[in-house]
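The values are calculated or read from the model by the stated rules, or taken from the named source; none is laboratory data. Computed from a predicted structure; not experimentally measured. When we count neighbours, we look across all protein chains shown, and the Cβ atoms used for this are built from the backbone with ideal geometry, even at glycine. Calculation scope for accessible area: heavy atoms of the full protein, side chains included, ligands and nucleic acids excluded. Shrake-Rupley method; radii C 1.70, N 1.55, O 1.52, S 1.80 Å.
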Amino acid sequence: MSSSPMPHVLLVSAPLQGHVNPLLVLGRHLASRGLLVTFTTAPHAGLKFGHGDGATIDVGRGTIRFEHLKGGDLWAPDDPRYHDPTGGVMRHIEEAAPPVLAELIRRQSEAGRPVSCVVANAFAPWATRVASGMGVPHAMLWTESCAVLSLFYHYFHSLADFPSREAGPGATVAVPGLPPLAAGDLPALIHAPEEFLWRQVLIADIRSLRETVTWVLVNTFDELERPTIEALRPHLPVIPVGPLCSGTENHGSGQDDDDCVAWLDAQPPRSVVFVAFGSLLQISRDEMSELAEGLAATGRPFLLVVRDDNRELLPDGDHCLAAATGSDSRGKVVAWCDQARVLSHGAVGCFVTHCGWNSTVEALASGVPVVTYPAWADQPTNAKFLADVYGVGVRLPKPMTRDALRRCIEKVMGGPEAVAVRARSAKWKAEATAALSTGGSLEKGIQDFVAAILSIRA
Ligand code: UDX
C-alpha cells in the first residue's frame, strides 16, 4: 500500500531519440492526469533532449521530474563501445545499469514517493529485472508497431513458419492479424546474425515478456492496427497508448525550427519535398550524391535534414551544398528540425523517409504522402505497411538512384496516382486526429493503463 496520494510512475529510457521521444510523450499524458512521473535516462541524453538532471515540467495537474541514471561510466556519450556494430555496448549496460536503477528506485521511497510502476522501453530487460526483483509492477513501452511486436513474438516462440532470409517475395509468413509478409518485409533483427547483441537482448525480452511484464503498452492506435492488436491480445496484455506523436520533444535549436517554418511559409501549398532519415541512420556517400541529384531533378523545393554526423557526405559544389549554405533558395538543408511541426505544415507535399516508427506515425498523423527508403530494424516492415497496407506512398528501391527517386516523388506529388495517395493520406490523418481527440483511442489507452496501476495499488 502506498502513502502518496497519486501513483508515481518511473519511466526508464535508453539514450536514443527514437526511444526517449515516445516515452516522454507517454509521461506527459500520465502527468496530465495528475500522476507523478519521474523520467530517467543517461544524463547526456537528458541534456541533449532538453531535460537535464533535476529539471521538472508541470503538465496539467501533474509533474514530470528528471532524475537521471548516474554512476560509473554508464552511458558516457563518447564511449567507443557505442560504435561496436554488434551492439556490444548492451553487455556493458546490462552490467552497469541495474545497481544504478535500483538505487534510484530506493531513493524515491526514502523521499516519500515510492514508485508504483516502472515503464521501460524494449531493449532494457535489465530494467524489468530490477523492478521485478524489488516487487514493483512494471510495463514495457513497445516503441515500434504492434505488427512488429507480433512478428517477433511469433518468430521467437516458433508459432509460425517464417521464410528464410534468401527466400524470394513469393514465400510469405501468415501471422494472425497481419497480411502475408515476405522475407524482405520482416524486421531486420529476425534474420540478423546470432551474435548480434541487440538480437540476443530482444529474444530475451520477447521470450520472457509474458511472464515478466504486467502490461505491454504499444505506441499505436486501434484504427491503425486493430486486427493485429486483437490477434496478439490472447498472448500478451497489450494496451495501445498511441499515437504518441512527438511535439515539443523534437526541438533542435529553436532558431532552426523557426527558420524552417519561415522558409516553409514562403512555399506554395503541398509543394515541398521533405527528406529526413531519423536520428541514427547513416547513408552512404553514393546515396547522398544520388539524393542530391534526384532532388535537383524534381525541380521542386526541398527541405533536407542532414545531421552533423552526415554532413561531410554532401558532395562538393552540388545543389544540396548550395542549399545548405543558403545560396540556393529552392532548397534548404538543416542539421535537425522539429519534424512533427514540419510535417504538419501545409507546404509539405511529400516525405522521403527511412520509416522509423515515429516517423511513420508522424507521417500518417499529418496526412503527408511518403516515399519509403528503409534501412534496418523495423523499417522494412513499416515501409511495407505504408506503401501496401495504408496506401500512402511508394517504395524507393535500394540502392537509391537519382532517376528512381525523382520518379517516386513525382508519383506521389504530381502523377495520376497522386490523387488517390493523397486521399488515403487524408483518411489516415483523420483517423489519427480522431485517435488523439477526446474519447479517442489514445485517451482510452491511457485511462486503461492508469486504472490498471490504481487497481494494483489498491
Ligand atoms: C529508431 C529506429 O531506427 C526506428 O526504426 C525505430 O522505429 C525507433 O528507433 P530513428 O531511426 O531515430 O529511431 O527513427 P524514428 O522512429 O523515426 O524517430 C526519429 C524521431 O526524431 C522522430 O520522432 C522525428 O520526428 C524526430 N526527428 C528526426 C526530428 O524531430 N527532427 C529531425 O530532423 C529528424
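Just a few scattered comments:
- Single residue of ALA297, ALA276 found to be out of contact with any Phe, Trp or Tyr (no Cβ under 9 Å at 6 or more places or on another chain) and closer than 23 Å to ARG407 by Cα: ALA297
- Considering GLY50, GLY18, the condition of being within 16 Å of the ligand (Cβ to nearest atom) and part of a helix (DSSP H, G or I) is satisfied by GLY18 alone.
- Flag for VAL136 being buried (at least 24 other Cβ atoms within 10 Å of the Cβ) and either among the aliphatic types (A, V, I, L, M) or closer than 17 Å to VAL37 by Cα (or both): no
- GLY254 meets all of the listed conditions (1) at pLDDT 85 or above; (2) within 13 Å of the ligand (Cβ to nearest atom); (3) more than 21 Å from the chain's Cα centre (by Cα) but one, namely (1).
- Taken as a whole, the condition of being touching a helix residue (DSSP H, G or I) at 6+ places or on another chain (Cβ under 8 Å), in contact (Cβ under 8 Å) with a residue 24 or more places away in the chain, open to solvent by 30 Å² or more (accessible area, probe 1.4 Å) and more than 22 Å from GLY294 (Cα to Cα) applies to ALA434.
- Within the stretch 386-409, one or more residues are farther than 23 Å from CYS146 by Cβ, assigned to a strand (DSSP E or B) and not basic (Lys, Arg).
- Residue match in the stretch 322-336 (condition: assigned to a loop (DSSP other than H, G, I, E, B), among the small types (Gly, Ala, Ser), within 14 Å of the ligand (Cβ to nearest atom) and within 20 Å of GLY294 (Cα to Cα)): yes
- Boolean, TRP376 is surrounded by fewer than 23 Cβ atoms within 10 Å (Cβ to Cβ), within 12 Å of the ligand (Cβ to nearest atom) and not β-branched (Val, Ile, Thr): yes
- Single match in ALA45, ALA55, ALA14 (criterion: farther than 18 Å from LEU244 by Cα and under 17 Å from the mean Cα position of the chain (by Cα)): ALA45
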